[in-house]
């Protein structure tokens with residue numbers, strides 16, 4: 001891509017979206033959840049992976065949305081889709097059968113073997129914070145050939161041990177995932193955080209740092225992980241977004257609903273105040 | 001002779017079929033979003049309900065906030081891309097309600113088993129996680145792991161469930177209660193059919209002939225359906241394919257500026273739930289505040305599918321005289 005110029009002006013979430021997008025290969029079937037990955041997949045489809053097919057647990061497969069869906073239940077994912085079915089069609093007939101290549105998931109906590117928590121902080125029965133729960137995340141993480149974990153990077157989120165394992169990663173590392181009965185040839189492939197991109201070692205299945213985002217140091221990443229993080233011997237900077245990628249991302253999110261939530265929130269709040277809501 | 005009409009008001013349907021302490025499935029995943037029914041349950045002050053749904057949002061949040069709920073069997077609860085379900089979150093954190101957590105697939109498999117009248121559904125999901133190991137009020141009846149009796153493969157058995165009542169919002173039904181829906185259904189098919197009784201609110205009441213011209217759209221035949229409620233805009237602020245879009249602005253408001261504050265939540269509920277008689281009253285309030293133009297912006301422009309050919313199959317083709325045909 002010699003004529004592709006790298007963008008100079010971009011935000012960290014925009015960089016994460018391009019990193020998500022680059023994980024998707026052309027022709028793959030991708031299961032999408034809520035948030036940044038949805039933009040990542042739409043970006044992939046408009047750039048290097050026009051033939052990737054997106055599946056949504058609502059039951060839609062290979063949709064042709066005319067707007068950026070605000071989520072997987074957006075009504076616009078139905079008209080002109082290849083299949084409008086139901087959750088069990090996607091989960092049982094596609095995912096459980098092994099026909100989904102990539103699934104994106106997130107959570108409040110991740111540990112070094114890629115286990116994820118999106119259920120509660122603290123004890124399950126007396127939680128300090130109750131989070132939404134699994135949704136489809138557990139199922140994506142169990143069955144997708146490659147699950148991709150998208151995380152806000154804070155020290156309290158990269159933990160030695162999750163308070164609750166909503167979505168199993170490599171469990172205790174090594175072969176333990178497959179010994180527990182999870183399907184061979186599945187598991188977390190990468191963690192894309194606000195600071196860097198991480199992968200899992202082939203034998204121990206332990207998370208290591210592969211690339212750090214521009215402006216971030218390896219040391220600052222190590223400081224924000226609650227275990228002794230291994231670093232790739234060829235650790236390097238994350239490839240920045242191209243100008244084309246940034247242009248498309250901004251087209252996909254014209255009002256800042258996904259990526260400039262502070263600004264969006266301020267605008268809507270002002271409207272709400274004018275109309276006597278608050 | 002035509003069967004007796006199943007049509008009634010939401011007030012009648014909820015008071016007749018929903019009692020305190022029941023287990024209730026309510027389609028609450030924004031598509032087929034049974035908002036009108038949830039609001040009527042709140043108005044009638046139902047208590048100690050066990051609610052079941054895979055990934056509910058605002059209407060579960062509101063029923064929890066209104067004190068209708070004792071237990072939840074869910075896999076997720078949030079106001080979706082718009083924000084946190086604060087009423088849900090606080091109630092769990094304070095120990096006011098109990099939760100049994102599944103994954104979306106596990107929860108839907110549970111409803112599927114119930115709908116099919118079998119005690120459990122085997123799935124390959126849910127191994128090696130806290131979802132399996134930590135059991136709440138269902139205890140050992142939540143799920144079990146076994147080795148497949150044929151192959152020895154590890155399998156998770158999800159216990160089935162038959163809610164006392166299942167409630168859904170659909171596109172249309174006839175007087176006999178044959179209900180039809182289209183679009184992506186999430187868990188709504190199995191959730192609805194798992195119910196011992198079914199209440200359906202619909203955007204339109206149609207002739208049986210209309211039902212018969214598209215038999216594949218039927219979610220449940222009339223004999224399964226206890227009540228049909230004619231409730232236009234019944235999913236608002238969620239959507240119903242072909243009838244109304246999500247009201248994103250309204251949903252964003254609730255999630256971000258209402259749900260996390262006790263006083264604002266009370267004001268919202270007083271206005272939109274307690275302060276109106278029924279869904280018609282709710283829509284009147286919407287029109288009064290925001291006008292007809294804004295409501296109609298939620299109505300999608302038509303995009304019809306092509307007619308498909310079912311064919312006609314006359315009696316004489318089964319008994320034709322070959323020589324007669326060859327003449």
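Just checking the listed ones, B:114, B:291, B:128: in the Gaussian network model of chain B with Cα springs under 10 Å, the one fluctuating most is B:128. Remark: relative contact order (the stretch A:12-274) = 16 percent; criterion is Cα-Cα distance under 8 angstrom and separation of 6 or more residues. Taking Cα atoms of the stretch B:229-327, Rg/Rh with Kirkwood Rh, to two decimals? Ratio value, two decimals: 1.42.
Of the residues B:230, B:169, B:33, the one that moves most in a GNM of chain B with alpha-carbon contacts below 10 Å is B:230.
For the stretch A:101-135 and the stretch B:149-184, what is the separation of their Cα centres, given in Å? So the two Cα centres are separated by 27 Å.
Taking a ≥ b ≥ c as the square roots of the eigenvalues of the Cα gyration tensor, an a/c ratio of 1.5 or more together with a/b no larger than b/c marks chain B as oblate. On the beta carbon distance between residue A:48 and residue B:214, with R0 = 41 Å, the FRET formula returns roughly 0.50. Summary of packing: across the peptides A:118-126, B:199-207, the per-residue average of other C-beta atoms within 10 Å ranks them, highest first, as B:199-207, A:118-126.
The stretch B:2-114: percent of C-alpha pairs farther apart than 21 Å? Cα-Cα pairs in the stretch B:2-114 separated by more than 21 Å: 35 percent. In the stretch A:152-278, one over the average inverse separation of all distinct C-alpha pairs is 17.8 Å, which is the Kirkwood hydrodynamic radius. Among B:304, B:243, A:170, the order by Cβ neighbours within 10 angstrom, fewest to most, reads B:304, B:243, A:170. Beta bridges assigned by DSSP with both partners in the stretch A:12-274 are antiparallel in approximately 45 percent of cases. Taking 7 Å steps out from each Cα toward its Cβ at residue A:271 and residue B:136 produces label points 3.4 nm apart. Label sites at residue B:280 and residue B:301, each approximated as a point 7 angstrom past Cα along Cα to Cβ, lie 3.3 nm apart.
The alpha carbon radius of gyration of the stretch A:12-274, expressed as a multiple of 2.2 N^0.38 Å, is 1.00.
Radius of gyration over Kirkwood radius for the protein assembly as shown, both on Cα atoms: the Rg/Rh ratio is 0.99.
In terms of packing, defined here as the mean over residues of other Cβ atoms within 10 angstrom, the peptides A:153-160, B:144-151, B:251-258 line up highest first as B:251-258, A:153-160, B:144-151. Calculated mean residue ellipticity, 222 nm, chain B: -8500 deg cm²/dmol, from DSSP H runs (n ≥ 4) at -39500 (n - 2.57) each, averaged per residue and rounded to 500. Label 7 Å along Cα→Cβ of residue B:151; the stretch B:109-132 residues with amide nitrogen under 15 Å? It comes to B:122-125, nothing else. Before anything else, pin down the relative contact order of chain B: Cα pairs under 8 Å, at least 6 apart, normalised by residue count, whole percent. Across chain B, relative contact order equals 19 percent. Normalising the Debye intensity of the stretch B:204-278 to I(0), with uniform scatterers on Cα atoms only, and taking log10 at q = 0.17 Å⁻¹ returns -0.84. Inter-chain neighbour count for B:70-79: the average number of beta-carbon atoms from partner chains within 10 Å of each residue's beta-carbon is 4. Remark: mean inter-chain Cβ contacts per residue of A:57-65 equal 4, using a 10 Å Cβ-Cβ cutoff to other protein chain atoms. Most simply put, the protein assembly as shown has about 40% antiparallel DSSP beta bridges, counting only bridges with both residues inside it. Counting only DSSP H runs of at least 4 residues, each contributing -39500 (n - 2.57), and dividing by the residue count of chain A, the helix-based mean residue ellipticity at 222 nm comes to -6500 deg cm²/dmol. Ordering of A:205-213, B:307-315 by packing is A:205-213, B:307-315, highest average first (other Cβ atoms within 10 Å, averaged per residue).
Secondary structure note: in the stretch A:191-278, about 65% of the DSSP beta bridges are antiparallel. Shielding by partners for peptide B:130-137, expressed as the average number of C-beta atoms from other protein chains within 10 Å of each residue's C-beta, is 5. Pairwise Cα distances in the stretch A:126-213 exceed 18 Å for 46 percent of all pairs. What whole number of Å gives the distance from the Cα centroid of the stretch A:1-65 to the Cα centroid of the stretch B:196-234? Cα centroid to Cα centroid, the span is 39 Å.
Shape class of the stretch B:154-263 from the Cα gyration tensor (axes a ≥ b ≥ c, square roots of the eigenvalues): oblate, since a/c reaches 1.5 or more and a/b does not exceed b/c. Answer rounded, prolate or oblate for the stretch B:98-156, using the Cα gyration tensor with square roots of eigenvalues a ≥ b ≥ c: rounded when a/c is under 1.5, else prolate when a/b is larger than b/c, else oblate. It comes out oblate by the Cα gyration axes.
Coordinate-derived values only; no laboratory data. Please read these numbers as outputs of a predicted model, since none were measured by experiment. Cβ coordinates were reconstructed from backbone atoms using ideal geometry, including for glycine residues, and neighbour counts include every protein chain displayed.
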